[in-house]
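Q: Before we start, here is the structure in question, set down as structure tokens.
Here, each number is a calculation from the coordinates, and none is a lab measurement. This structure is a prediction, so every number in the text was calculated from the model and none was measured. Cβ atoms come from the backbone with ideal geometry, glycine included; neighbour counts cover every protein chain shown.
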Amino acid sequence: MTKKIPQKTLIDIIKYPILTDKTTQMIEDNKYCFAVETKANKLDIKEAIEQLFDVKIQKINTINIKPKKKRVGKYIGYKSKYKKAIVKLYDPYRIELFVDN
């Protein structure tokens, strides 16, 4: 039994799509990569993406990315940690991340 999530929090779960060389090659295999809320589980991510993009999800993999140490001169700081979700869609579905003019 899953609880209903309000629409505002569905938008808050998905932060932004991750677009790199590797993830753009994954789009050909119908896999998409998103940065998501660190406390979100796979069911929350699935429900948010299915409702926001109107698609059906076949599989979800999640990865917790650790904070990385960054240094500027003698000062040490950290990049913030985040959670990455790799979403595989069923074959007829697509997510349009790029707008064609």
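Q: Relative contact order of the chain, please, whole-number percent, based on alpha carbon pairs below 8 angstrom and at least 6 residues apart.
A: In percent, rounded to a whole number, it is 28.
Q: Calculate how steeply helix 42-53 sits against the longest principal axis of the alpha-carbon atoms of the chain, using the helix alpha-carbon long axis, and give the answer as 0 to 90 degrees to the nearest 10.
A: Around 70 degrees separate the two axes.
Q: Which pairs in the list Lys22/Lys69; Lys56/Lys81; Lys22/Lys74; Lys46/Lys70; Lys46/Lys68 are over 30 Å apart, alpha-carbon to alpha-carbon?
A: Correct reply: Lys22/Lys74; Lys46/Lys70.
Q: While we're here: What 222 nm value per residue comes from the helices of the chain, counting each DSSP H run with n ≥ 4 as -39,500 (n - 2.57) and dividing by all residues, nearest 500 deg cm²/dmol?
A: Result for the chain: -7000 deg cm²/dmol, rounded to the nearest 500.
Q: On to the next question. Provide the FRET efficiency to the nearest 0.05 for the Leu43-Lys74 pair, computing r from the beta carbons and using R0 = 41 Å.
A: 0.35
Q: With all pairs of different alpha carbon atoms counted, what Kirkwood hydrodynamic radius in Å does region 50-95 show?
A: 13.3
Q: When each pair of different Cα atoms in region 7-89 is counted once in the 1/r mean, what is the Kirkwood radius in angstroms, to one decimal?
A: 13.8
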